[in-house]
Structure formats: structure tokens, C-alpha cells
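Please read the structure below before turning to the comments.
The values are calculated or read from the model by the stated rules, or taken from the named source; none is laboratory data. Predicted model only: the values in this text are computed from it and were never measured. Because the Cβ atoms are built from the backbone with ideal geometry, glycine has one as well, and the counts that use them run over all protein chains shown. Accessible surface areas use protein heavy atoms only, side chains included; no ligands, DNA or RNA. Shrake-Rupley method; radii C 1.70, N 1.55, O 1.52, S 1.80 Å.
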Amino acid sequence: MRFFANPAQAGHCPGFEFFRGRRVPCHETPERFQFVAEVLGSAGCQLESPDLFPDEALHAVHTPRYLAFLRGAWAEWLATGNEGDAFPAVWPGAGMRRDRLPENFAARMGFFSFDTGTPLAAGSWEAARTGADCALSAAQSVLGGERSAFVLTRPPGHHAGIETFGGYCFLNNAALAAQALREGGASRVAILDVDYHHGNGSQEIFYTRPDVFFASIHGDPMTEYPFYLGHADERGEGAGLGANLNLPLPAGAPAADWFSALEQALAAIAQHGADALVVSLGVDAWEGDPISSFRLKTSDYGMLGERLRQLGLPAVFVLEGGYAVRAIGDNVLSCLRGFEPA
Ligand code: SP5
Ligand code: ZN
């Protein structure tokens with residue numbers, strides 16, 4: 001297994017996020033990366049820097065105008081007289097137009113986002129963009145014959161849509177890996193998203209495509225973030241009908257229910273006939289996570305890894321959420337070791 005670690009992650013270090021109109025400390029911090037890196041390092045894993053890929057490698061997943069916005073957003077935020085972390089404050093709500101991209105910076109920031117929990121700081125673009133390089137490097141190594149690869153990066157990616165940031169995410173690393181696997185020869189790819197929160201961005205990106213199956217186990221959007229996507233009746237559209245599987249569980253669901261949902265997801269993935277697997281490995285379904293309420297134990301992540309190994313597919317694992325900083329590394333290592341024992 002190879003490990004691609006994002007050397008630019010620490011540059012994404014906003015000071016606070018908004019929660020119900022109040023400033024609260026960020027949950028998604030550079031410390032998260034450090035704890036995972038330490039645990040992997042102590043276990044003897046060699047962390048590598050990514051290869052660099054051109055922006056064109058991102059265009060099948062995100063629009064060029066969205067990428068251009070993100071690239072220039074920090075400078076524009078400063079140029080329009082602001083200081084500190086950049087946040088959106090106005091959005092095109094239901095009934096308003098999305099077919100015109102405004103010129104005004106604040107209006108564009110809202111156009112391309114969906115929450116106030118995702119601050120953009122000085123190094124956010126560089127961190128997200130280098131994370132994309134890590135995801136693409138991992139996909140290339142698996143295409144080159146490696147059984148598996150892990151993408152150690154932040155900010156995470158699975159909430160980022162075709163042209164929206166939110167949920168701490170800017171670029172969809174898992175989607176980029178899946179697309180690269182497709183372009184590199186895998187005729188079908190499956191994404192399994194085990195983060196506590198529904199991977200709305202990944203779902204949106206592949207919703208009309210039959211070649212990338214998306215399955216997600218997550219907190220029921222009736223009560224859990226991101227609320228506006230992730231219901232069981234979202235099954236894909238057009239040619240993609242049947243290639244999307246949402247398995248929402250009530251907040252507080254016990255591990256046994258989580259593993260029943262996993263069996264359903266694995267059966268569907270096997271049925272779809274994928275040649276390669278991408279795992280959106282958020283570890284916020286862990287019992288001690290401060291913003292989530294599933295009950296997985298560290299040993300359960302080992303069982304998850306073992307069950308995934310039994311699919312017999314090469315796999316790219318991508319770090320998503322997980323906010324109990326001291327446990328993230330143990331949970332990630334437990335899963336990766338279950339998949340590929342040292
Ligand atoms: C990748 C990922 O896991 N994104 C999750 C984004 C969740 N954003 C909403 C978080 C709400 C946090 N609640 C703070 C409670 C403070 N008392
Ligand atoms: Zn999450």
C-alpha cells in the first residue's frame with residue numbers, strides 16, 4: 001500500500017467557522033492530519049509526496065469557472081477590502097437565477113457554496129489543489145498495479161460538488177480518483193462513502209453516469225448534515241439510474257445496523273461489477289466523534305477493511321471527515337490494516 005500525504009495541508013488553517021450564526025472553533029484542523037501522519041509513521045508506513053498534475057485533470061469533475069474562482073478567491077477577498085477568513089453571505093435560493101454568474105465577488109462566493117461552515121483562508125486553494133494531486137497520484141499507482149493507496153489529505157472532499165464548496169470541502173478528491181481510474185482503464189468504478197455525512201458532492205458528480213457506482217452509509221438527512229441530499233429514494237438519473245445507493249441510518253444507530261447497511265452496499269457494488277474501488281474514508285462514524293452520533297469502535301474499522309478486502313478489488317482510500325483528533329489515526333490505520341495486513 002502506498003501513502004500520499006498532502007505537503008500543503010497546513011496552509012488551510014482558518015480560525016473559526018459559523019454554526020447557527022455563531023463563531024465556533026474549526027473542527028477541521030491541521031492537527032487532524034498530524035495525528036494520522038504520526039500513527040501511520042509509527043506503524044512503519046512511508047508517506048510520499050504526490051506527483052503534480054495539470055488542471056485539465058480536474059475538468060471532468062469540476063467546471064473551469066469554479067476552479068478559476070477558487071484559485072483567485074483569497075486575492076479577491078482581500079482586494080474587496082476584507083481581512084481574515086473568507087465566508088459567503090448570500091446565495092441564489094430557490095426561485096432565483098443560477099443561469100447568470102454575477103460579477104460581484106460576494107455574489108460569486110455564494111453562487112459556488114452552500115454553507116457558512118467552510119471558511120477559505122490564505123492557503124486553502126494550494127492545500128485543496130495539492131490534495132487533488134495526492135488523489136490523482138493514488139489512482140495512478142493503483143492503475144500501475146499497486147493493490148491499494150491511501151490519500152492523507154485535508155481539506156476533505158466528498159461534499160464538494162461540480163461547482164460548489166461546503167462541508168469543509170473544496171475539491172472532490174474521491175471523485176477525482178474515481179474519474180482517473182476510469183480514464184486509466186477501469187471500465188467501472190465504485191465509490192463507497194463511509195463518512196458519517198452523506199457525500200452529496202460525489203453523488204451529484206456521478207448521478208447521471210452508469211460507470212461510477214456511488215454507495216453511501218450516513219446519518220439520515222432528515223436530521224443530519226448536509227440535510228438536502230442523501231435520502232434512500234435517490235437512485236440515480238437517466239443512464240445513471242440504479243447506480244446510486246443511499247443507506248441513511250438514524251442518528252445514534254448501533255454498529256450492528258451500520259454493518260447490515262455495509263453488507264447491502266457491498267452486495268450492490270459486487271452486482272455493479274466494478275474493476276476498482278474508491279473509499280471515502282471519513283472516520284466520524286466512530287463512537288467518540290464530537291459532531292456525529294454513530295457508534296463504531298476502532299476495531300470495527302478493522303472489520304470494515306477486511307470486508308472491503310474480500311471484494312477483491314484494487315482500492316484508493318481517501319481521508320474525509322473524523323474530528324476526534326486523537327482517534328482518527330488509529331481508526332484509519334485499523335481500516336487500512338484490515339484491508340492490507342502489514
Ligand atoms: C467532511 C465532513 O465530515 N464534513 C462535515 C461538515 C459538517 N459541518 C457542520 C458541522 C456542525 C458542527 N456542529 C458544531 C457544534 C458546536 N457546538
Ligand atoms: Zn463527515
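Per-peptide packing, taken as the mean over residues of other Cβ atoms within 10 Å, places 177-186, 235-244 in the sequence 177-186, 235-244 from highest down. Rounded, prolate or oblate: which one fits region 138-186, using the alpha carbon gyration tensor with axes a ≥ b ≥ c (rounded when a/c is under 1.5, else prolate when a/b beats b/c, else oblate)? Oblate, because a/c is 1.5 or more while a/b does not exceed b/c. Leaving out ligands, DNA and RNA, what percent of the accessible area of region 55-119 is carbon and sulfur, probe 1.4 Å? Taking all protein chains in place, region 55-119 shows 56 percent carbon and sulfur surface. Calculate how many DSSP beta bridges within region 82-230 are antiparallel, expressed in % of all such bridges and rounded to the nearest 5. Of all bridge pairs located within region 82-230, approximately 25 percent are antiparallel.
Between rounded, prolate and oblate, where does region 193-342 land on the alpha carbon gyration tensor, with a ≥ b ≥ c its root eigenvalues, rounded for a/c under 1.5, else prolate if a/b exceeds b/c? Taking the square roots of the gyration eigenvalues as a ≥ b ≥ c, region 193-342 is oblate.
A prolate overall shape is assigned to region 73-201, the ratio a/c of its alpha-carbon gyration tensor axes (a ≥ b ≥ c) being 1.5 or greater and a/b exceeding b/c.
Solvent-accessible surface of region 254-342, averaged per residue with a 1.4 angstrom probe and all protein chains in place: 35 square angstrom.
What is the distance in Å between the Cα centres of region 138-193 and region 222-276? Rounded to whole Å, the Cα centres lie 18 Å apart. Anyone know which of GLY201, GLY321, GLY15 comes out most mobile in the 10 Å Cα GNM of the chain? Per the Cα network of the chain with a 10 Å cutoff, GLY15 tops the list. Taking amide hydrogens as placed 1.01 Å from N in the peptide plane, the amide H of PHE214 sits under 5 Å from those of ILE191, ASN244, LEU245, each at least 5 positions away in sequence or on another chain. Taking Cα centroids, how far is region 65-125 from region 1-20 in Å? Taking the Cα centre of region 1-20 as reference, the centre of region 65-125 is 19 Å away. In the chain, the longest principal axis of the Cα atoms and the axis of helix 173-183 are about 70 degrees apart.
Computed in the context of the full set of protein chains, the accessible area of region 182-289 at 1.4 Å probe radius has 54% of its extent on carbon or sulfur. The local environment of ALA274, defined by Cβ-Cβ distances under 11 Å, has a net charge of 0 under the rule Lys, Arg +1 and Asp, Glu -1.
Against the main long axis of the alpha-carbon atoms of the chain, helix 124-143 sits at an angle near 30°. Take region 49-169 with all the other protein chains still there, run a 1.4 Å probe, and you get 40 Å² of accessible area per residue.
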